[in-house]
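Just below is one structure, and these are the notes that go with it.
No value in this document is a laboratory result; all are computed from the given coordinates. A quick note: this is a predicted structure, and the numbers were derived from the prediction, not measured. Don't worry about glycine lacking a Cβ; one is built from the backbone with ideal geometry, like all the others, and counts go over all protein chains shown.
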């Protein structure tokens, strides 16, 4: 959906007006960029010395090591969080009331917690009680607990979004609860949830940078060390931000691509990518009303 | 806890304004504004908040852009949150029936007029719930202000845990604080949602 949301083909007067505003806006934006560049140059931020470290392989190897650690933590945490999330979703949909209540409590509690609080508790709190493992595992633990709760909600929404008739039909042909879940409900729900899962992966990847606070050598921490070693803090942050941007941008694109494909194949059943659950519903309503 | 509340409310107010303007840019017929809006959203959304926070605080001081810790935290949180607000509002704009915009244009309103008078008021009603999720996410994200020495709830818990050497009570206290903020917020969002619903 592009600009045509509000304006279909414009008349001659409106076209002229748009052209004038376009030129003015372009000039203003270009001006802002020029001022920013001049100001940066004025402070010597474009001096070759400050950027030279980033042309050297050892520096890049150092940073890429950080990226590798980031990706490793994100991947392990994602796999574990999917397991926790699946268990939570199934428990929340179970027939046993106690199980439902417990899982509901877990999800509601950890969804309301800032991840940073969990990381502090895992990384700085648990060692006080004699738990001693590498920072990597503290980070993974906190990420898993938190994202398990979020993914549990996504999974539950995915399963509930499936038409009741699907599970009823499965029971009607004599399948038991688990058979119906495994061979009828989950395969269909999983397809709908895929975009939302990928976009949660983007969030998780960004959140991995919080491993910074418990001295896990991920991208942000190594970037900061580079910055202070070469006295080019600003440049180091810019490079780190660019690396994150590149990785996340392509993952976000993948999520959107998956969602569009999903819509094309199965109608508006896909769950929204943005992590804001109601958006899919919103745009589906909009399309229906059109 | 009052610092967490202050951070959240100030940043959310700013993010609402910036986000709505950026969303308007992204659907406008003026191509450079569309591009600027898209760049704003993509850049802020794909860089971790922690990198933004530390980069602004430690990086921008090198070019003499310097504010207090609290102000820095508010600036970074509102910029980051505004990209999510913008995406939400844009989805809301897209959900407004096309005939509304067409009707607005056919009675001679210009693009800014039709957006302001006809489309946005309706879009805002539909995005109350998703904006509520953005707000609750912001409560949690405000914990990152602790990275730059703003003593909000999470940072406070960390300090108490360090001083008393008893992490469980300290962090549990903070957890209760966040629940006390998130649960009523959720209830208020639900209430607003019901009041704002378009009745047909």
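Descriptive notes on the structure:
- Where the Cα pairs of region A:152-225 fall when distances are cut into 10 Å bins, in %: 18, 32, 18, 16, 12, 4, 0
- Descending Cα extents along the principal axes, region B:28-119, whole Å: 52, 23, 22
- Dividing the mean sequence gap of close Cα pairs (under 8 Å, 6+ apart) by how many residues chain A holds gives a relative contact order of 20 percent.
- Distance cut-off 19 Å, percentage of C-alpha pairs in region B:1-76 lying past it: 49 percent
- Scattering profile of chain B at q = 0.19 Å⁻¹ [log10 I(q)/I(0), Debye over alpha-carbon scatterers]: -1.29
- A compact globular protein would have a Cα radius of gyration near 2.2 N^0.38 Å; the ratio found for the protein assembly as shown is 1.03.
- Degrees, to the nearest 10: B:69-95 long Cα axis against longest axis of chain B: 30 degrees
- Sum of -39500 (n - 2.57) over DSSP H runs of 4+, divided by residues of chain A (222 nm, nearest 500): -24500 deg cm²/dmol
- Computed helical MRE - 222 nm, chain B, DSSP H runs ≥ 4 contributing -39500 (n - 2.57), nearest 500: -24500 deg cm²/dmol
- Cα-projected label distance for residue A:64 with residue A:250, points at 7 Å along beta-carbon direction, nm: 1.3 nm
- Potential lengthening between residue A:129 and residue A:34 on full extension [0.36 nm per residue; Cα-Cα distance subtracted]: 28.7 nm
- Computed on the Cα trace of region A:60-289, the radius of gyration divided by the Kirkwood hydrodynamic radius gives Rg/Rh = 1.04.
- Kirkwood-type radius of region A:93-197, with distances r between different C-alpha atoms, in Å: 16.0 Å
- As a length-normalised measure over Cα pairs under 8 Å and 6 or more apart, the relative contact order of region A:124-212 settles at 38 percent.
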